[in-house]
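Novice: I am attaching a structure below and will ask some questions about it afterwards.
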């Protein structure tokens, strides 16, 4: 047990070793501080200091952390658009209602503490509008978590209040290992860029707690696409790997429903369809006026006009790195149609000079329109993206209800290996097998700096318990 505690305090060394490799990667990175406590409740009369009473966690995330131990145990998509490996340290505290009692209250919960380190991975797919988060926690429950010392010091020096007297009856020292997985996806099409609804399913297995849950995240306000990147903050660099995007176009059959789940994917296809319609109209016009002597002089102006006209109607969610992929898609689509037609029927050769000229016009027009579109609008697209598609300032309200089914909980029932040595625990038949956890709050960010504040409400976790409420503040700094 002493060795495990020592490992927990080697976190700064691991971080330093990881930071030494940062120059080798071009990726998003951030440091995040989360502090949960009922002192952050909106109303003073909601200060309870019971059950889950304090939680603090520090996260550092970046691609460079992939080289640290245990990375291969984390789950990822086959072709993510981006991903972030994380390293965290945290501490949670749990207390009964009456902190003045030294003896056990058989109708209340036991004292418990949890100190842990985590390895995590956020695997993000911006094209499909989905995200997979996995986390491995290793830590200690009991006196070795230093929860008793931390709470007593806090009540004496930070917020003068009742000194807890019952920590001698806390859950005894035990090893804790958890594996948590969460899958998020936009199953409901996004109807407006300032409203986002994300569904999730989660599960946790291990020595500390076992549960499954279903949740929904609702965000309303001035915000970027939730799946734009794994970090969730403004990022001026490319967030979609062009090579993977090409593979996606070539290998996947895209349905209308799938398109609506990803604003980026949907707007890309809108641009493709719009461009194809413009080309078809021009070909028809050229064919109808083929013998017009002024047609040759007007051809260049028609092409330039078409490119700029298409650009004006493209939604700002088309980001710059998709330009090459669009061209690849055109080429692939044309080749596929030709192969399909050759399998079903023999391609008819032009039988008249006019038909031959139309074929040549279509071939030249496709090349010239595509080239004009990409060459003449790329710079302007970058400016549009900067101000519209990737918002540097974000401010939004969020609501995140989660409903969980619980199989066991070591903070109430004691750890797996030392359960018989505990003074007092909650028996399995007193556990509430289902409970709700609701978080709501606001988030404000500028660039790669974000500040969040939220309230959390949880229904009772055992038969004799009450509902509980506390607040959370979160500060994220990216680079």
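Novice: Quick one: in the stretch 28-69, of everything that is in a helix (DSSP H, G or I) and surrounded by fewer than 19 Cβ atoms within 10 Å (Cβ to Cβ), which residue is modelled with the lowest pLDDT?
Specialist: Among residues in the stretch 28-69 that are in a helix (DSSP H, G or I) and surrounded by fewer than 19 Cβ atoms within 10 Å (Cβ to Cβ), the one modelled with the lowest pLDDT is 46.
Novice: When you scan the stretch 401-412, do you find a residue that is within 17 Å of the chain's Cα centre (by Cα), outside any strand (DSSP E or B) and either at pLDDT below 95 or over 20 Å from residue 37 (Cβ atoms) (or both), even just one?
Specialist: Residues of the stretch 401-412 that are within 17 Å of the chain's Cα centre (by Cα), as a first pass: 401-402.
Within this subset, residues satisfying the condition of being outside any strand (DSSP E or B) are none.
No, the stretch 401-412 has no match at all.
Novice: Going residue by residue through the stretch 104-126, is there one that turns out to be at positive phi and in contact with a strand residue (DSSP E or B) (Cβ under 7 Å, 6 or more places away or on another chain)?
Specialist: no
Novice: Cβ contacts < 9 Å: first residue outside the structural domain of residue 116 (by TED's automatic domain parsing), restricted to the stretch 154-175; second residue modelled with pLDDT under 90 and in a strand (DSSP E or B), any location; separation 6+ or different chain. Result?
Specialist: Hits for this filter: zero, empty list.
Novice: Would you mind stating whether residue 99 is part of a strand (DSSP E or B) and surrounded by fewer than 23 Cβ atoms within 10 Å (Cβ to Cβ)?
Specialist: In short, no.
Novice: Can you work out which of the residues in the stretch 102-129 that are in contact with a helix residue (DSSP H, G or I) (Cβ under 6 Å, 6 or more places away or on another chain) and surrounded by fewer than 22 Cβ atoms within 10 Å (Cβ to Cβ) is nearest to residue 202 (Cα to Cα)?
Specialist: Taking the candidates together, the pick is 117.
Novice: For the structure I just gave you, tell me whether residue 125 is in contact (Cβ under 8 Å) with a residue 60 or more places away in the chain, over 19 Å from residue 33 (Cβ atoms) and within 24 Å of the chain's Cα centre (by Cα).
Specialist: For residue 125, the condition - in contact (Cβ under 8 Å) with a residue 60 or more places away in the chain, over 19 Å from residue 33 (Cβ atoms) and within 24 Å of the chain's Cα centre (by Cα) - is met.
Novice: Among residues belonging to the stretch 78-96 that are surrounded by fewer than 20 Cβ atoms within 10 Å (Cβ to Cβ) and within 20 Å of the chain's Cα centre (by Cα), point out the one that is nearest to residue 479 (Cα to Cα).
Specialist: Checking each candidate, the answer is 88.
Novice: Can you tell which of 409, 467 is in contact with a strand residue (DSSP E or B) (Cβ under 8 Å, 6 or more places away or on another chain), free of Cβ contacts under 8 Å to residues at least 12 places away in the same chain and under 18 Å from residue 111 (Cα atoms)?
Specialist: 467
The values are calculated or read from the model by the stated rules, or taken from the named source; none is laboratory data. Because the structure is predicted, anything quoted here is derived from the model rather than measured. FYI the Cβ positions are ideal-geometry reconstructions off the backbone, even for glycines, and counts take in every protein chain you see.
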